[in-house]
Amino acid sequence: MQTPGIRRTTKGWEVSASHKGERKTAVCKTKGEATAKRRELLAMLYAKTAAPQTGRLNAELTLGEAYERSMSVRWANVVWKKEVQCYADQCMDFLGWTTKLIDLDSTDLAALQQHLIARGNAAGTINKKLGIVRALFIDAKKDGLIDREAPLPKTLKEKNLRDEVFSRADEQAFAEWFRQSGNPELADMFLFAIDTCARAGELRALQAHDFNVYGDGRGVVWFQDNAGKRRLDSVPLTARARAIAQKYSKRNGRIWKVESKEVIRLFNEAKEAIGLAHRSRLTWHCTRHTCATRLAEANVSLAMIMRFGGWSSLKSVKRYMHIQVDALHPCIEALEG
């Protein structure tokens, strides 16, 4: 999918950002670096034109300027800063970075909500994204730049449902269907995702140099963050994941070439073929839920699950706590025995 302001050229990933007649460009090695650079260029351009905190209303304040103001204060040092940037970018790209804050009405934000629903975002995720837009209004109003709250649509009701996971039988059926349909690499990618708790974007970005297999048989992998940089912590590999990594160790560039749309198409075909089409909430992302659930069922601590899966806070991992509580039943049996 093409990203606004970023395009691939023979020199690398070309970035362009413009605001109020001024334009800045740069060339980066990777798309991740280009995305981060575009954010940086936009921040520089907005900083030049952002209104000082004089307490006077500013009818010209744009969404981009409001975002940079909030990012420099509200989200400057939070551990989930990259998640905020990712969510905010999606909202800004839909609403328009140069749209004036006071011009946004309830119709615009309801349209954003419907757009996110159409893209398959969960209700909780959509509420978080609209919450970021609400925060822009709150901060701008606090500084005296606007005089109203965000005209948000009604908050979506979040279903308190357990995450879908793949059983061992499901896992085998999907992998076998991918192989039989002529997509053995997708089968490897699927099994590797389950064994590493990797996100889809992390899998697509993997290259051979992201693996390290030691002489004693152990192996690790480094995943890239949203900015295209390696995580500080490596993830250890199971024997199965290590064998898959060695299989593709001599490839140049990305290990798996299949694009995200093709992955979704083939995954849905597999669901239909193996009789799981009725499980509407079973998606490729459930490989991640499956990995975390299996760790929790083995009574691995939430802190260790958080680190293994690359979550930024325990809050995101607490959904698996009920499994750990279930694992305590032997304690009761021992006490009552």
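Since every read-out is calculated from the coordinates, none of them should be taken as a lab result. Note that this is a predicted model, so its numbers are computed, not measured. Quick reminder, even Gly has a Cβ in these numbers, built from the backbone with ideal geometry, and neighbours come from all protein chains shown.
To test your reading of the geometry: what angle, between 0 and 90 degrees and rounded to tens, separates the Cα axis of helix 184-196 from the longest principal axis of the chain? So the inclination is approximately 80 degrees. Computed over region 227-314, the P(r) tail beyond 17 angstrom holds 67 percent of alpha carbon pairs. Would you please classify the overall shape of region 168-326 from the alpha carbon gyration tensor, given that a ≥ b ≥ c denote the square roots of the eigenvalues, rounded means a/c under 1.5, and beyond that prolate means a/b larger than b/c while oblate covers the rest? It comes out oblate by the Cα gyration axes.
Residue exposure proxy: Met92, Met71, ordered by other Cβ atoms within 10 angstrom of their Cβ from fewest to most, comes out as Met71, Met92. In summary, the lysines within cross-link reach of Lys142, defined as a Cα separation below 18 angstrom excluding same-chain residues under 8 places away, comprise Lys100. Taking the average, over residues, of other Cβ atoms within 10 Å as the packing measure, peptides 197-207, 237-247 rank 197-207, 237-247 from highest down. Extension gain for the segment Ile274 to Ala123, taken as residue separation times 0.36 nm less the Cα-Cα distance, is 51.6 nm to one decimal.
Between Ala208 and Val300, the distance separating the two model label sites (each 7 Å from Cα on the Cα→Cβ line) works out to 2.8 nm.
Remark: region 50-154 is approximated by an ellipsoid whose semi-axes, taken from the C-alpha gyration tensor as √(5λ), come to 22, 16, 11 Å, largest first. Taking the chain, the Cys residues with no second Cys beta-carbon under 4.7 angstrom are Cys28, Cys86, Cys91, Cys286, Cys331. Taking 0.36 nm per residue of separation and subtracting the current Cα-Cα distance, fully stretching the chain between Phe94 and Ser260 would add 57.7 nm. Using the empirical formula 2.2 N^0.38 Å as the baseline, the Cα radius of gyration of the chain reaches a ratio of 1.13.
On the basis of the beta-carbon distance and an R0 of 51 Å, His285 and Lys24 show a calculated FRET efficiency of 0.90. Modelling each spin label as a point 7 Å along the Cα-to-Cβ direction, I'd like the Val220/Arg251 distance in nm, to one decimal. With each label point 7 Å from Cα toward Cβ, the separation is 2.3 nm. Under the simplified labelling scheme, the Arg179-Lys141 pair shows an inter-label distance of 5.9 nm, with each label point 7 Å from Cα along Cα→Cβ.
With neighbours defined as other Cβ atoms within 10 Å of a residue's Cβ, the residues Trp13, Trp222 order from fewest to most as Trp222, Trp13. Calculated [222 nm] ellipticity per residue, helices only, for the chain: -15500 deg cm²/dmol; basis is -39500 (n - 2.57) per DSSP H run with n ≥ 4, divided by all residues, nearest 500.
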